[in-house]
Each structure stands twice: as C-alpha cells, then as structure tokens.
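So the structure is just underneath, and the comments pick up after that.
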Amino acid sequence: MGCFNLIISPSLDQVWAFYGRIATMEIQISGLSKTYGTGSKSFQALNNINLTIPANSIYTLLGPSGCGKTTLLRCIVGLEQPDTGEIRIGDQIVWSAEKNILIPPEKRGLGMVFQTYAIWPHMSVFDNIAYPLQVAGVAKETIREKVDAVLKFVQLEGLGNRPAPHLSGGQQQRVALARALVGEPKVILFDEPLSNLDAKLREETRKDLKKFLSRLNMTAIYVTHDRVEALALSDRIAVLKAGQIVETGEPQDIYFKAQSRYVADFIGRANEIPATVLRHENGLTIVSTGMGEVACATGSDLALGTETTLCIRPEMIRLYRAQLAESDTNKLTGSLDELEFVGEVFEANIRIGEVSLIASLDPESNPALNDTVELAVAPRHCLLLSR
Ligand code: ATP
C-alpha cells in the first residue's frame, strides 16, 4: 500500500468550491449492540455503545485488536446490522431497532476508505472512480465533471485513462480516496488506511491526510489501533475495550488525564505505582507510595485510605534544577540504575526507595550511570487512577 501524498495548493480553489457544497453532519449513536452468531457460538462484539460524533471533526475509534472498532464502523456504514439501538446521521435515522428503520448503505451518503485499496484491476482509473456514480444512474456529463474534479483534487489529473494496476501503490490509494469522495459524501470513514505502510511513509501520509481532512471540512471517522496515529490525527478519540467505549476526549486529555489504567496504558508508556490516599491539602491529594509521599492534582474525590494507582508519564519526570523548579513539591532523590541513549532522550531507570521509575531524560541534563539524582514531578502530572 502507498500513501495519499497530498499537497494542497491554492490553485485547487475550484475543486474546493466543488467540495464546499458538502454539508457536515453530526453522528449520534445510542444503545447500539451487536452479537455475531447464535447460541453457544455467539459473540457480543458491541455492548451498548453511546456516542456523539460532532460535525466537521476527525473522530477516532481506538482500541486493541478485537475490541469492536471495525464492527462499529461497519454498523454506521450499514454493512452490519446491529441488534439494538439507533444510528442518526445528521437529521436522518439510518438504523433503529425500535422504530424498525434500516436505510441501506448506498442511501446513507457515506464514503469509505479501506485498509486494502479495493480497486478493480480490470478498470481504468476513471472508471474505478466513476463506478459509484454510474451505479447511481448519474448523467454521463455530470460524471465526467465530478470525476475530473476529484482527480484534480487527489493530484491524479491526466491519469484517468490509465489501467488502475499501472499505478504505484500510493496512487492506487489516492484512487480509493477519490472514489470515496466522488459522491460528495456527508461523512468519510477510514478503516486503518495506513496500517500497511512502513513507519516513515505512514508518518508522511498521516500528515498529508490531516491537512487534507481539515481543508475538506467534513466529518471523518477513523479506525485505528495505533495510538500515535490517533493522537496526531484526531480532534476527539473514543477508546474501546471489549465492545464498550471506556473513555472519550481530546487527544491531550486522553493522554494526560486518562480516567482508567486501561486507557493510560493503551495511549502511552506510564509508571504505575501502588498508592494510598493520606490526606487532602491545598487542593492536592497526598498519597503514600514506595518512594515516599507524592502530591497529586487529581483525586480530590478519593476518601482517606483509598488504595489507588499513581500514574506518571516517563517524559514528565525532570531532573531537579533549583533555579527551574516551580516549587519543591514532589522533589525525590534516587539512583540512576540504568541509562540508555536513544537519540532524542536518555531512557533511564531510577530507583527511589522500593520503586523503580522509567524516565525519559533530556540529553542536556547530562546524566551518568549510578549518579544520585534529584527529581521533580509536577503534581498536575501525577494522575490517580482506579486500580
Ligand atoms: P482489528 O483491529 O483486529 O480489526 P477490531 O477492534 O476492529 O479488531 P472487530 O473486527 O470489530 O474488532 O471484531 C470484534 C470482535 O467480533 C472480534 O472478537 C471478532 O473476532 C468478532 N467478529 C468480527 N466479525 C465477526 C463475524 N463475522 N463473525 C463472528 N465474529 C466476528
């Protein structure tokens, strides 16, 4: 698979005018459940999903393999029928078990880009892109006008007559994108479109895709198990676990203010330290841990004596510098047990009392193995999570 490799240039104004006609849509999902199979072989893939996807946002469904992301996407598109619940796209209910409504996929006004290109090898580029319009019975002249506009948009102008297999992987992916866009969908959906790319190409493509989606002003739903992709690309993220949504939020909130260990672990590396609530003081929650007392900006609702988990991101641990410290809160002393230079940072293991912390240290701090070091962690980066 290749990349979209989109470079947006001002000379495409005409094409933007074409896409400017697209209305953006909010999507509302309520009480959605889906079970595959029956009897002892049945499997509940989705369990009471409630979700609002705001119009004109890039919304990512993130979670490990098998958590139900693709099933949810396929229910929205209409390729799977849920058992219960309702799906609303804009003002239109496209599925309701209770009201007995089922709008078929082709009438939902959606465009989809799959992990594989799903390009027909026996057709030209033009015919691949024109296909959804031909099936819908659109007039020939209008088809030509729309396909030409979208070809220009994905920068495949002049390649319409080429057999689809005679394109590079990246160009074929752009054909898939063009085909998803040509019907002027209300919403565009992506099912792991970058997962077959190598790391470098994936990063470039992700950036292009983000630029492209924000210019397009369209609601987009994006499925991935890749946390970096989700953080970099999304306006909002829903994290799924075993068929349920466990948390939703903006990328930075999901990363820095996760509510559960599951989400904190899934979205990035974390130190997780058993902790007991000792007292509340000056708006902070003081916990006792194997490395001493730590003040946390979260946990004001936790009763004294509560057993909890203290979560600290490795990059939020700083070597203490008196002149730079915001305060002496959470100043800790430890020994540098392991140290590895990995380019942008030193990856360190710091022993403090009974606790071994992983820390990503600034190379400028010039750490050395077996040093005794003073550390500082701001209370706002000390997160208390349910165990
Ligand atoms: P991945 O990232 O691996 O694609 P996912 O989060 O998208 O995973 P789904 O494909 O939605 O997960 O599958 C959710 C669960 O439902 C999985 O346990 C899967 O095995 C099961 N499942 C999916 N499709 C079917 C099917 N047609 N019949 C039976 N079980 C299915």
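In the context of the full protein assembly, D235 retains an accessible surface of approximately 70 Å², using a probe radius of 1.4 Å and ignoring ligands and nucleic acids. From the P(r) of the chain, could you give the percentage of C-alpha pairs in the tail past 38 Å? Roughly 34 percent, rounded to a whole number.
Relative to the globular-protein estimate of 2.2 N^0.38 Å, the Cα radius of gyration of the stretch 253-345 stands at 1.17. Here the Karplus curve 6.51 cos²θ - 1.76 cosθ + 1.60, taken at θ = phi - 60°, turns the phi angles of the stretch 172-185 into couplings of 5, 5, 5, 5, 4, 5, 4, 5, 5, 8, 5, x, 6, x Hz, with x standing for Gly and Pro.
In the chain, the calculated helix contribution to ellipticity at 222 nm averages -7000 deg cm²/dmol per residue, counting -39,500 (n - 2.57) for every DSSP H run with n ≥ 4. The residues of the stretch 269-385 present an accessible area of 50 Å² per residue when probed at 1.4 Å with all protein chains retained.
Taken one residue at a time, the phi angles of the stretch 218-232 give Karplus couplings (6.51, -1.76, 1.60, θ = phi - 60°) of 9, 5, 10, 10, 10, 9, 7, 10, 9, 5, 5, 4, 5, 5, 6 Hz. Gly and Pro are set to x.
Note on the chain: with neighbouring protein chains present and a 1.4 Å probe, carbon and sulfur make up 48 percent of its accessible heavy-atom surface. Using a 10 angstrom Cβ neighbour count of at most 13 plus a DSSP loop assignment to flag exposed GluC sites (Glu not before Pro), which longest range of the chain is free of such sites? Between the exposed loop sites, the longest stretch runs 158-325. In the assembled protein chains, H280 presents an accessible area of approximately 80 Å² (probe radius 1.4 Å). Given the chain, what percent of its DSSP beta bridges are antiparallel, to the nearest 5? If I count the DSSP bridges inside the chain, around 75 percent turn out antiparallel.
In this structure M123 has an accessible area near 40 Å², from a 1.4 Å probe over the protein heavy atoms.
Between their Cα atoms, which of K107/K186; K200/K257; K34/K241; K186/K207; K34/K69 are more than 18 Å away from each other? Table pairs above 18 Å Cα-Cα are K200/K257; K186/K207.
With every protein chain in place and a 1.4 angstrom probe, the accessible-area ranking of F190, F266, largest first, reads F266, F190.
The values are calculated or read from the model by the stated rules, or taken from the named source; none is laboratory data. Keep in mind that what you see is a predicted model, and the values were worked out from it rather than measured. All Cβ positions, even for glycine, are placed from backbone atoms using ideal geometry, and neighbour counts span all protein chains on display. Note: areas computed on protein heavy atoms with side chains; ligands, DNA, RNA excluded. Shrake-Rupley method; radii C 1.70, N 1.55, O 1.52, S 1.80 Å.
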